[in-house]
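The structure appears right after this line, and notes come after that.
Readers should treat all values here as calculations from the given coordinates under stated rules, not as data from a laboratory. All figures in this text were calculated on a predicted structure; none of them were measured in a lab. Don't worry about glycine lacking a Cβ; one is built from the backbone with ideal geometry, like all the others, and counts go over all protein chains shown.
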Amino acid sequence: MSDKGIRPRRVAELVQAEISRLLISEFQDPASGFLTVTRVEMTADLRTARVSLSVFGTDNPRTVLDRVEKATGYLRRALASRIKLKYNPELFFALDPGPDHQERIDKLIEETKKHGG
């Protein structure tokens with residue numbers, strides 16, 4: 001694989017670790033559920049990071065996402081102070097549909113087992 005593929009992946013891993021730490025220290029509380037960074041994808045120029053989040057233990061994960069999105073400026077500044085990059089990436093947050101989908105599948109399997117299917 002060329003350096004163009006390796007560097008964005010390595011930076012994405014670093015950004016994921018730091019954003020995870022920031023979110024745990026700033027946004028983690030019992031009322032908002034359990035917040036996890038499931039994936040970070042960097043553009044090849046390292047100027048944009050798409051951050052996928054999972055929220056467990058709350059009925060409305062969108063409210064947690066809204067809180068995180070409102071704090072994007074703060075998160076970018078904190079990230080810049082922790083990671084020394086040529087460009088401080090612009091952050092875009094989205095809910096990861098994977099865990100919700102998996103949870104629905106698990107519930108359907110349990111219901112099938114209960115009903116003798």
Subject >> CD proxy at 222 nm, helix term only [per DSSP H run n ≥ 4: -39500 (n - 2.57); per residue of the chain; nearest 500] >> reply: -18000 deg cm²/dmol
**OP:** Name the residue farthest towards the positive end of the dipole of the chain from the options 60, 72, 105, assuming +1 on Cβ of Lys and Arg, -1 on Cβ of Asp and Glu, about the Cα centre.
**Re:** 72
Subject >> Anisotropy class of the chain from Cα gyration tensor, a/c 1.5 cut >> reply: oblate
**OP:** In nm, give the distance between the simple-model label positions of residue 84 and residue 26, each being 7 Å from the Cα along the Cα-to-Cβ direction.
**Re:** 2.2 nm
Original post:
Considering the zone a paramagnetic label at residue 14 would reach in this model (a point 7 Å from Cα along the Cα-to-Cβ line), which residues of segment 45-60 have amide N under 17 Å from it?
Top reply: 45-50
Original post:
Dipole size in debye (nearest 20) for segment 3-114 around its Cα centre, Lys and Arg Cβ +1, Asp and Glu Cβ -1?
Top reply: 560 debye
